[in-house]
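The values are calculated or read from the model by the stated rules, or taken from the named source; none is laboratory data. Computed from a prediction, not measured in an experiment: that's the story for all the values here. With ideal geometry, Cβ positions are generated from the backbone for all residues, glycine too; neighbour counts draw on all protein chains shown. Ligands, DNA and RNA are excluded from the accessible area calculation, which covers all protein heavy atoms including side chains. Shrake-Rupley method; radii C 1.70, N 1.55, O 1.52, S 1.80 Å.
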Amino acid sequence: MNETASPRARAEIDLAAVRANVRALRARASGAQLMAVVKSDAYGHGAVPCARAAIEAGATWLGTATPQEALALRAAGIGGRVMCWLWTPGGPWRDAIEADIDVSVSGLWALTEVVAAATEAGIPARVQLKADTGLGRNGCQPADWPELISAARAAEAAGTLRITGLWSHFACADEPGHPSIAAQLNVFRDMLAYAEKAGAEPEVRHIANSPATLTVPESHFDLVRAGIAVYGISPSPELGTPADFGLRPVMTLAASIALVKQVPPGHGVSYGHHYTTSAETTLALVPVGYADGIPRHASGRGPVLVDGRIRTVAGRVAMDQFVVDLEGDTPEPGTEAVLFGPGDRGEPSAQDWAVAADTIAYEIVTRIGARVPRVYRDAATTTRSTAR
């Protein structure tokens with residue numbers, strides 16, 4: 001991207017903020033190691049640059065959902081410990097094993113495929129066994145745990161794998177005091193004890209996600225997995241703002257105003273005319289829409305900073321554009337419209353957009369699409385930019 005040109009839209013990614021957030025989370029981790037979760041292209045922020053920044057700040061593990069995401073980190077030259085956990089039958093087990101990636105196993109079918117792949121590769125697989133302690137998604141149920149542990153230990157004795165981790169995931173850690181938190185911890189401790197009594201000697205035991213890292217210190221064990229908090233977003237507004245936890249939002253989403261025009265009273269705006277001007281006014285065209293990840297559910301409610309004032313999306317968000325009512329102000333085309341950012345200039349936050357769209361801030365940043373270039377800012381280096 002030519003940095004001297006005025007782009008249609010851009011997502012500025014502050015890598016210094018990534019590093020600062022990782023340091024702040026490590027300080028809360030009670031001496032545990034920290035895994036920076038970079039799944040879904042680092043929640044929309046760019047997996048490779050954010051992974052590197054997190055490692056520079058002391059993250060000792062990286063986490064991804066899919067094996068393809070983990071393999072992409074290796075292809076980019078990123079070393080160290082990487083774990084991936086969302087597998088389906090026939091997945092690239094051998095590729096992951098040969099790339100020294102920790103793979104997660106939740107049931108016997110996966111263990112069987114791992115053992116076969118490790119045998120073909122001639123390399124012991126690094127395997128983390130996942131326990132379903134109450135979330136009800138992936139993971140092995142307590143009733144099936146003894147069978148999985150027995151099979152994994154047999155494979156370990158045969159030299160085809162190493163049990164490198166035992167782990168689980170919370171259902172309601174973003175709701176402080178929820179009874180399921182203590183209940184899941186008790187189940188996890190029991191399942192750990194069973195596995196270790198059977199001879200498992202994991203390198204790491206982990207259950208804490210971002211909210212648990214921030215508020216449930218007894219859940220930290222050997223490793224915490226920080227996802228959304230790495231990117232400076234509170235995992236739940238009820239827990240506090242990013243600033244309350246010493247975090248800084250990493251992404252700023254902005255666009256260049258494409259058109260400013262005067263319209264008469266009673267003029268309909270965008271599809272369906274769900275907004276009609278009440279008086280003579282000026283309208284600005286913001287050239288991003290739901291194809292770029294701007295939620296259509298925020299139609300009529302999404303906040304935008306234009307020319308020093310907060311405006312609101314007027315009418316429906318369309319595929320490529322939306323309109324704001326400037327109430328007579330007349331900024332020049334090319335003026336910046338800031339949808340969200342850290343708030344330094346009074347701009348809205350990703351959480352403000354989440355409220356407008358009846359969703360969570362995770363979705364707001366993760367859904368920003370590939371048409372929006374990521375521009376990487378780093379106080380420690382020269383500015384560089386890239387499009388995904």
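Find the percent of Cα-Cα distances in segment 257-388 that exceed 18 Å, and round it to a whole number.
56
Select from H267, M251, P124 the residue farthest towards the positive end of the dipole of the chain; place +1 on Cβ of Lys and Arg, -1 on Cβ of Asp and Glu, and compute about the Cα centre.
P124
Put +1 on the Cβ of every Lys and Arg and -1 on every Asp and Glu Cβ in the chain; which of C50, H169, G302 then has its Cα farthest towards the positive end of the dipole?
C50
Rounded to whole Å, give me the distance from the Cα center of segment 337-357 to that of segment 100-120.
If we compute the Cα centre of each part, the gap is 43 Å.
Compute the acute angle (0 to 90°) between the alpha-carbon long axis of helix 15-27 and the principal axis of greatest extent of the alpha-carbon atoms of the chain; round to the nearest 10°.
50
Which order do I368, I310, I123 take when ranked by solvent-accessible area (1.4 Å probe, heavy atoms of all protein chains), largest first?
I310, I123, I368
Taking the Cα centre of segment 192-309 as origin, sum charge times position over the Cβ atoms of Lys and Arg (+1) and Asp and Glu (-1), and report the length of that vector in debye to the nearest 20.
460
Compute a Gaussian network model of the chain, connecting alpha carbons closer than 10 Å, and tell me which residue from A243, A24, A208 fluctuates the most.
Highest fluctuation among the options: A243.
No solvent, one uniform scatterer per C-alpha: report log10 I(q)/I(0) for the chain via the Debye equation at q = 0.08, 0.09, 0.11 1/Å, two decimals.
Per q value, in the given order, log10 I(q)/I(0) is -0.48, -0.59, -0.81.
Would you rank M191, M319 by solvent-accessible area, highest first, keeping every protein chain in place and using a 1.4 Å probe?
Most to least solvent-accessible, the answer reads M319, M191.
Relative to the Cα centre, what is the charge dipole magnitude of the chain, using +1 at the beta carbon of each Lys and Arg, -1 at the beta carbon of each Asp and Glu, and rounding to the nearest 20 debye?
Dipole size: approximately 400 debye.
Work out the charge dipole of segment 72-218 with +1 on the Cβ of Lys and Arg and -1 on the Cβ of Asp and Glu about the Cα centre, then indicate which of L185, S104, A75 is farthest towards its positive end.
The Cα lying farthest towards the positive end belongs to A75.
Taking every pair of alpha-carbon atoms in segment 50-181, what share in percent sits in each 5 Å bin, from 0 to the bin with the longest distance?
2, 11, 20, 21, 18, 14, 10, 4, 1, 0
Which residue, R296, R189, R248, has the most motion in a Gaussian network model of the chain that connects Cα atoms within less than 10 Å?
Comparing R296, R189, R248 in a Gaussian network model of the chain, the most mobile one is R189.
I want to verify a result. In a Gaussian network model of the chain, Cα cutoff 10 Å, which of these has the top mean-square fluctuation: W61, W87, W353?
W87
Have a look at the DSSP beta bridges in the chain and tell me what percent are antiparallel, nearest 5.
Once the DSSP bridges in the chain are tallied, antiparallel ones form about 50 percent.
Give the carbon-plus-sulfur fraction of the accessible surface of the chain in %, rounded to a whole number; probe 1.4 Å, heavy atoms of protein chains only.
51
Skip the ligands, DNA and RNA, and give the accessible area per residue of the chain with a 1.4 Å probe, whole Å².
41
Mind checking the dipole of segment 58-157: about its Cα centre, +1 per Lys or Arg Cβ, -1 per Asp or Glu Cβ, Debye to the nearest 20?
Taking the Cα centre of segment 58-157 as origin, the dipole is about 200 debye.
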